[in-house]
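Below: one structure, written as structure tokens.
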Amino acid sequence: MVEQNLIFAGLLVMECPLKFDSKRVVKELRDGNQEVVMVTGDAVLTAAEVARCVGIIDASEESTYELCAVEKEFSFLPLGREVNTAKENGKGFSYTPENIAIIGDMVRNGKAAVCMTGDILSKLAIASVEKASLDKTALVVDERTALNHPAALSELSSLIPIVSVFARHAPRHKEAIVAAFNASGRHTLMCGDGTNDVGALKQAHVGVSIISEPDLEAKQRTANETISAVKAEEKKEQKASKKHSSKKDGSKKEPKKSRADRIESSLQAIAETEDELAYVSLGNASVASPFTSRKTSIRCCKDILQQGRCTLLTMIQIYKILGVNCLVTALVLTKLHQKGVKQGDRQMTAMGLVVAGLFLFVTRGKPLPKLSARKPPSSVLCKETLISMAIQFAIHFVAIMTVTAMSDAYVDPYDPSMIPDGPFVPNTLNTATFLVTVLTTINTFVVNYRGRPFMENLYENTLLFRSLQVCYLVLFVCALDMFPPLNQLLQLSTLPSSGLPVFGEARTDGSTEFAQDLLLQAVEAIGFRIMLCVIMILDTSCVLAAESVIRRAFGA
């Protein structure tokens, strides 16, 4: 033995403090229904304790297990216990599919935690390859080959979901762990700060590199601790002042001023640290990962999830809006065009400008500060999106065709402008159809905007919300002919207010005569303009109700 005849001089205690916001970020990620695991090169006892401090492990020390190899057999044994002693005392679980399922339930309920070292990972991978091989006599398995072997990945994919801490892992082990997570059907985000994380960062679906600068981290930590201490003092003083509100002491002004100076100096230190981080050279990890944060905090992981969800939802909204609008446009250009329905140049220009502005404002939606535990739709072509688009178009189709049938009776069938290729002349049919078509376009923006729990609600997106309000106001002003110059600007004719249509008998046929008679009777009872507004309100209400039902049905 080398360690002999030594003289005890003392104990050397080394401390590596946690990042000041790691515990809070881990809690926010777990509250957002995200699995968080630790992959590190530190010793297993150190890693388990750190994981417990930041909230990755909920179980107590007695309920924390380590996967160990005992005489070519694997077992889950209590962490920190001697292997033979734990085996003799009957504590632990043998490595079987049944026990893996039992421990998995315990882990999910916070009653147990599992750790695994890199050596055990290699042994388990080699054992899996040997078990899957037909010719075991001539088999020589290399560790690197075994870690990437399909048999090893298959074995690990059933094990890793119950493991919270991967300790004593070399770069090849880290890469194998991320590959196993991917093979199990999970989407992985890897956050690392060193060269030994390059392989895992490349293997992950999302790789994020952060800066490791201990001196600057210590400066940030000290400043944040000072601010927290000052806030704690203020809360304590407020509680004390409530109890003794009758006592007033002017000498308390100086401590308050002192606290303000301490906070100001701490904030200044944090700002200086942020400036210094901008000049820190990026390491190899930033080359391997698609995302690089010039921060020492892991909060960037939560930011990426929030921004990614917001971007996904925005794109789904845009595709749904485009899809429904394209179907409505196809209806206008085919069936309605054959009836002589046309749109003027100024109408098309105004509609194009409004739609472009609304699309711009849709993209201004911001993610919420809290990560939702509910997951957004995974694709534009998912069942929820397709059903929603189909139902929206069906409702808009009924509204447009109803307005067309109602307006058709007010137009002279022998008018030259009613020929499909004839000139555009404003009339009741063109005007009413244009108004309801624009309404359906605006409704697609209102209905398909997702909002909470992933991003700001519609009323919180002020530009979009105010723009939609103005659009609705202009539409109903035009429909009721409340401001004739606006109708003239948009090439809209004056809609009839009351009275029977002059050309009603000439425009009916046997197949639609009964329905059109009922519609004309309703128009005669309440007037054409009011009837048009009622149809517009019904269209808006129906698509909003249908979308609400669809979201509830799909758990959104």
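All of the numbers you see were taken from the coordinates with simple rules; none came from a lab. Just so we're clear, the structure is a prediction, and the values are computed from it rather than from any experiment. Cβ atoms come from the backbone with ideal geometry, glycine included; neighbour counts cover every protein chain shown.
The table below gives the values:
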quantity: Potential extension, residue 98-residue 4 segment - 0.36 nm per residue separation minus Cα distance; calculated: 29.1 nm
quantity: Cβ-based net charge around residue 550, under 13 Å, with every Lys or Arg adding one and every Asp or Glu removing one; calculated: +3
quantity: When the convex hull of its Cα atoms is projected in every direction, mean area for the chain (nm²); calculated: 45.1 nm²
quantity: Farthest toward positive dipole pole in the chain [+1 Lys/Arg, -1 Asp/Glu at C-beta], among 376, 161, 455; calculated: 455
quantity: Theoretical gain in end-to-end length, residue 34 to residue 326 [0.36 nm per residue, Cα-Cα removed]; calculated: 101.4 nm
quantity: Span-rule helices in the chain, defined as complete DSSP H runs reaching 24 Å or more along the axis (Cα) with Kyte mean at least 1.0; calculated: 345-362, 383-408, 428-448, 462-479, 528-553
quantity: Highest-first arrangement of 325-337, 191-203, where packing means the average Cβ count within 10 Å; calculated: 191-203, 325-337
quantity: Counted charge near residue 112, where neighbours are those whose Cβ lies closer than 12 Å (Asp, Glu -1; Lys, Arg +1); calculated: -3
quantity: Assigned charges on the beta-carbon of Lys, Arg, Asp, Glu; the chain dipole about Cα centre (debye); calculated: 1560 debye
quantity: Net dipole in debye of segment 341-455 [+1 Lys, Arg Cβ; -1 Asp, Glu Cβ; about Cα centre; nearest 20]; calculated: 1200 debye
